[in-house]
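A short worksheet on the structure shown next.
A short reminder: the numbers here are calculations on the coordinates, not readings from a lab. This structure is a prediction, so every number in the text was calculated from the model and none was measured. Heads up, the Cβs are rebuilt from the backbone with ideal geometry, glycines too, and the neighbour counts pull from every protein chain shown.
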Amino acid sequence: MLDRPWLKSYPKGIHWDADLTPVPVDQILDDAVAKWPLLPAVSFMEGHLRTVNLPPWSNRATTGLQKLGVKPGIHVGLYLPNTPHYVIQLLCDPQGRGHGRQLLTARCRESS
């Protein structure tokens, strides 16, 4: 077995090799908002971004990208530090406004 030193930092009962069912990213976000709207989704420095705030911020980011001319067929790369901005940008296209959901689904099919 390969050495996996990070496993000792996992909380009890969390398994790295859990059997997960593929689900579209936007569905994961919608489910999280429904179940845990007030829990922190992102903690950064001294602040928190609650789960319920992710969809409005990601929708705003999507609108901004569209105003810049991003549309289906245009690829967008993320080169950001690990900040709340990264999470918001990562979630913005799969909100059903562009091709992100289809692209992520296609990539999941290719890798299985």
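Things to note:
- Gain upon complete extension [L78, N59; 0.36 nm per residue less C-alpha separation]: 5.2 nm
- Ordering T62, T51 from the fewest to the most neighbouring beta carbons within 10 Å gives T51, T62.
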